[in-house]
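Below is one structure, written out as structure tokens; comments come after it.
Just so you know, all these numbers are worked out from the coordinates, no wet-lab data involved. On a predicted model such as this, the values are computed, not experimentally measured, just so you know. Don't worry about glycine lacking a Cβ; one is built from the backbone with ideal geometry, like all the others, and counts go over all protein chains shown.
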Amino acid sequence: EMFHTLETLIEHNMNMAEAARHLHYHYNTLRYRLAKLERLLGPFSTSTPVAIQVGVALQINEMQKILATRPT
């Protein structure tokens, strides 16, 4: 679920209110999850280099999912 929270935050350009509505979470629940994610990944909501690293990691993960479903 934390991974889905991270993806949703990024999809909504770190807009906490929009992301909370999309996830059907209370705003404070999303703030708690963001704090937990930032303890794990670094301050991606305030640091551009960290945000870029997280974004690239998400893209790599998405590409791996696509490649895993392709027939060989």
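Brief remarks on what is shown
- Placing +1 on the Cβ of every Lys and Arg and -1 on the Cβ of every Asp and Glu, with no other charges, gives region 9-72 a dipole of roughly 180 debye about its Cα centre.
- Relative contact order computed over the chain (Cα-Cα under 8 Å; 6+ residues apart), in percent: 21 percent
- All distinct Cα pairs of the chain go into the 1/r average, and the inverse of that average, the Kirkwood radius, is 12.9 Å.
- Residue-averaged 222 nm ellipticity for the chain, from DSSP H runs of 4+ at -39500 (n - 2.57), nearest 500: -24500 deg cm²/dmol
- Dipole-positive endmost among 57, 2, 68 within the chain (Cβ charges, Cα centre): 2
- Computed from Cα atoms, the angle from the helix 2-11 axis to the main principal axis of the chain rounds to 80 degrees.
- Extension reserve of the residue 38-residue 7 stretch, reckoned as 0.36 nm per residue once the Cα distance is removed: 9.8 nm
- Rounded tilt (10° steps) of 48-69 against the dominant C-alpha axis of the chain: 40 degrees
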